[in-house]
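Data block below; observations after.
The values are calculated or read from the model by the stated rules, or taken from the named source; none is laboratory data. The structure displayed is predicted, hence computed values, not measured ones. With ideal geometry, Cβ positions are generated from the backbone for all residues, glycine too; neighbour counts draw on all protein chains shown.
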Amino acid sequence: MTVGSGTVLLVGLDPVGEGAFSSLLTQRGLQVQSVSTGCQAFAGFESQLPDLLVVAGTLPDMSVARLCQRLRVNAVTRSIPVLVLLEAPDAEQERLLLEQGADACLSRQADPAFLMFRVCGLLRENDEDPLSRAGGTFRQPSVAIATAPGGLLWSWRGGGRDAPPVLQDLLRRHGATVSLIDDPADFNLANCPVGKDQPDCLVVDLACPSFDGLAFAHTVVAMRRRTRQCMRVLGMVEGGQLSGQMASVAFSAGVDDLVDADIAPDLLVARISSLVRRKMVQDETRREEAHIESARARMALADALRRVNADLASANRKLIEAQAKLVQSAKMASLGELAAGIAHEFNNPLAFVLAHENTVNRSISRALSAVREGDTLAAEQALAKSSERLAASLIGLSRMRDLVVSLRRFSRLEEGEFSRLDVPEAIDMVLTLLAPKLGQNIRVICALDAPPDLFCQAALVNQVVMNIVSNAADAITEKQREQEAAGLAAGEEDRIEITSSLEPATTHTGQDYVIRISDTGPGVPKDLQERVFEPFFTTKPVGSGTGLGLATAYGVVQAHDGSIVVTDARENGGACFTLRVPYRAEEERRTHAA
């Protein structure tokens, strides 16, 4: 008989009994400690909890019943088994101690092998998964009796062949749910649902002529390991056959307690109740430990999730900042490309104003001279001419002011923030900046049917739309240049069409805000339509493009959970870029803005 390592605490044993018992346990690989009183035992629990208490029947400072009560009221110690050593066999005292919380009682004169059987039975671990038990609800103890007509348990205490076993009625009177197993072949733990139908204790008739009780107990133990369930097993042998050798055989078969047919009914019920109570206490203790471990795991997972979320938020902020910087860099590159055209736009009105300055000054001088000479008509004519020149200069200055305002709005850094955007106004600003590039040979047609307000990043129009329209203008200009070089006559007027609409969403519930930009340029070859959004990819000549414009546009649209694709513009023969972003309602705009 063997048992795994464990710690046994001897409480209140005399030196002779302590030495003999300690030697017996040490030979079986157990660690043994000893104290003289119950108070010393509880004081030692603060540093180490034993796996088993072996207590003398009489303690100098408290009763064994009091010691058991103190153990059972504390969640930390309630599962520690208690084996009480009596000076002599006493069935009544054993019954009382078992009812008061002890797990087993033995006489000091018992066979050492039987003593080790009880110790090993109390230290035996079960394989049950505590989380698989039905917890948190009260249920009556459940006991199964394995016997058959003609068996020892069937006829125990005067039971007849045609009447049910006496033990069945005895256990029911004590509040247990009892089932009878008269054919072990029909018993299968896998068919017992976890909960009220699963036996807590199985009482096996080891002397039944209808089946081999030891083999049945061994089969049940194998089933409980396989199904991760647990029940205690008590075996009954014929009177006078209880011995150390029998105990060793029974323990190897998986039996947790062993009695003979001479046992008193009340003591047998107390022994069964002790097994059931210990099982339930262990179930509850392990379930609590599992819940504690689960709570710790959930807390650790929550902490890890918080750290991941914090890292993700930090990475997201850095991504938004990087995106804003990339958008800003792309905008500055676009402004560099537009610098010559913008300079021309400034130079024309500025030259016009400077050229008219002398004319206005001369007209004012003539008007003053005419006033002095009394020539009212000449003075009026001179002032009228000055007024016309000033009005023309004002138009040029207003044009310069509009360009400055558009440049200031376009170059804002708050492109990565979501806010309400007036789409038509933003598109008009972009077209104002691109006017020098568009020139007189490219007409822009806008048909903006979607609602004007959109909750988005300003870069959606200021960067994405501008890049696409600018590329379209470059493509059309290049086409016109090639036609002139080939001596071909110009066809129909080149144009860029910008439309907006609300359409049913394709990837989510709700609607999409759709902006389409098509042109009459040469278009994008089908084998390149998937690559135009790759960083540093460009179809322009070396030195004419960075290849970041459409890549930046793709990133901006992705930040809106939208999409951007390029197809052939069937009517115009050029390219068509389609932008789709989710359209949020007014309430959602306020929520996101907050």
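Looking across S47, S22, S34, one residue alone is among the small types (G, A, S), at negative phi and in a strand (DSSP E or B). It is S34.
Can you find a residue in segment 247-261 that is within 34 Å of the chain's Cα centre (by Cα) and either surrounded by 12 or more Cβ atoms within 10 Å (Cβ to Cβ) or among the hydroxyl-bearing types (S, T, Y) (or both)? Let's see the steps before the verdict.
Filtering segment 247-261 for residues within 34 Å of the chain's Cα centre (by Cα) gives none.
No: zero hits.
Which residue out of S248, S294 is farther than 28 Å from V76 by Cβ, polar (S, T, N, Q), in a helix (DSSP H, G or I) and at pLDDT below 90? Matching residue, one of S248, S294: S248.
Consider I427 carefully, then state whether it is closer than 20 Å to I564 by Cα, in a helix (DSSP H, G or I), in the same structural domain as A575 (by TED's automatic domain parsing) and in contact (Cβ under 8 Å) with a residue 40 or more places away in the chain. Walk me through it before giving the result.
Numbers: closer than 20 Å to I564 by Cα: yes; in a helix (DSSP H, G or I): yes; in the same structural domain as A575 (by TED's automatic domain parsing): yes; in contact (Cβ under 8 Å) with a residue 40 or more places away in the chain: yes.
For I427, the condition - closer than 20 Å to I564 by Cα, in a helix (DSSP H, G or I), in the same structural domain as A575 (by TED's automatic domain parsing) and in contact (Cβ under 8 Å) with a residue 40 or more places away in the chain - is met.
Within segment 67-85, residues that are over 12 Å from D103 (Cβ atoms) reach partners that are assigned to a loop (DSSP other than H, G, I, E, B) with beta carbons closer than 6 Å, at six or more positions or on different chains, in the pairs L85/R108. Taken over segment 221-251, the criterion of being polar (S, T, N, Q) and in contact with a helix residue (DSSP H, G or I) (Cβ under 8 Å, 6 or more places away or on another chain) is satisfied by T227, Q229, S243, Q245, S248. Among residues of segment 68-123 being under 49 Å from the mean Cα position of the chain (by Cα) and among the hydroxyl-bearing types (S, T, Y), the one that is surrounded by the most Cβ atoms within 10 Å (Cβ to Cβ) is S79. The condition of being of a type in the set (A, V, I, L, M, F, W, C) and modelled with pLDDT under 80 holds for only one of L413, L460, L377, L368, that being L413. In the condition set (1) surrounded by 16 or more Cβ atoms within 10 Å (Cβ to Cβ); (2) on the phi > 0 side of the Ramachandran plot, G29 is compliant with all but (1).
Looking only at segment 129-158, filter to residues that are surrounded by fewer than 16 Cβ atoms within 10 Å (Cβ to Cβ), among the polar types (S, T, N, Q) and not in a helix (DSSP H, G or I); which one of those is modelled with the lowest pLDDT? Walk me through it before giving the result.
Our first condition is that a residue be surrounded by fewer than 16 Cβ atoms within 10 Å (Cβ to Cβ); within segment 129-158, this holds for 129, 131-132, 134-140, 150, 157-158.
Narrowing further to those that are among the polar types (S, T, N, Q): 132, 137, 140.
Next cut, not in a helix (DSSP H, G or I) only: 137, 140.
Values: T137: 53, Q140: 73.
The extreme case among them is T137.
For L59, state whether it is under 19 Å from V119 (Cα atoms), among the aliphatic types (A, V, I, L, M) and surrounded by 13 or more Cβ atoms within 10 Å (Cβ to Cβ). When the stated conditions are applied, L59 does not pass them.
Would you check if there is a residue in segment 476-486 being touching a helix residue (DSSP H, G or I) at 6+ places or on another chain (Cβ under 7 Å) and not in a strand (DSSP E or B)? Looking through segment 476-486, none of the residues is touching a helix residue (DSSP H, G or I) at 6+ places or on another chain (Cβ under 7 Å) and not in a strand (DSSP E or B). Taking the criterion of being touching a strand residue (DSSP E or B) at 6+ places or on another chain (Cβ under 6 Å), closer than 30 Å to D212 by Cα and in contact (Cβ under 8 Å) with a residue 12 or more places away in the chain, would at least one residue in segment 282-302 satisfy it? For segment 282-302, residues touching a strand residue (DSSP E or B) at 6+ places or on another chain (Cβ under 6 Å), closer than 30 Å to D212 by Cα and in contact (Cβ under 8 Å) with a residue 12 or more places away in the chain: absent. Taken over segment 550-583, the criterion of being closer than 18 Å to V464 by Cβ, surrounded by 15 or more Cβ atoms within 10 Å (Cβ to Cβ) and modelled with pLDDT under 85 is satisfied by L550, A551, T552, A553, Y554, G555, V556, A559, A569.
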